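*Asks:* A single structure is presented below for examination.
No value in this document is a laboratory result; all are computed from the given coordinates. Predicted, not measured: the structure shown is a model, and the values here were computed from it. Cβ placement follows ideal geometry from the backbone for every residue including glycine, while neighbour counts extend to all protein chains displayed.
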């Protein structure tokens, strides 16, 4: 997927819409809840810029980490 300025702008608009609709609840929430909301929203925004179809999955990561260990133990 090709990223251009309109896609980035759309992601930002959606993030701001989420914040605007949740603002009343966020004002009443504790500091920990607000921090959790901000972290989850930021991670989601960052993940939206990755092409998840081509990224390797968790099994590939585990094979990369533990593959040499398995060959040593054989």
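*Asks:* Put a dot 7 Å past each Cα toward the Cβ at residue 33 and residue 11; how far apart are the dots in nm?
*Replies:* Going by the 7 Å Cα→Cβ label model, 2.8 nm.
*Asks:* For residue 44 and residue 63, compute 0.36 nm times the residue count separating them, minus their Cα-Cα distance, and round to one decimal in nm.
*Replies:* This chain segment gains 4.3 nm when fully extended.
*Asks:* Among 25, 71, which comes first, second and so on when ranked by fewest other beta-carbon atoms within 10 Å?
*Replies:* The fewest-first ordering by Cβ neighbours comes to 71, 25.
*Asks:* Whole number please: convex hull volume per residue of the Cα set in the range 24-74, in Å³?
*Replies:* Dividing the Cα hull volume of the range 24-74 by its residues yields 119 Å³.
*Asks:* Hey, can you rank 33-41, 56-64 by average C-beta count inside 10 Å, highest first?
*Replies:* The most tightly packed comes first, giving 33-41, 56-64.
*Asks:* Under the Kirkwood approximation applied to all pairs of distinct alpha-carbon atoms, what is the hydrodynamic radius of the range 1-42 in Å?
*Replies:* Here the Kirkwood hydrodynamic radius works out to 11.5 Å.
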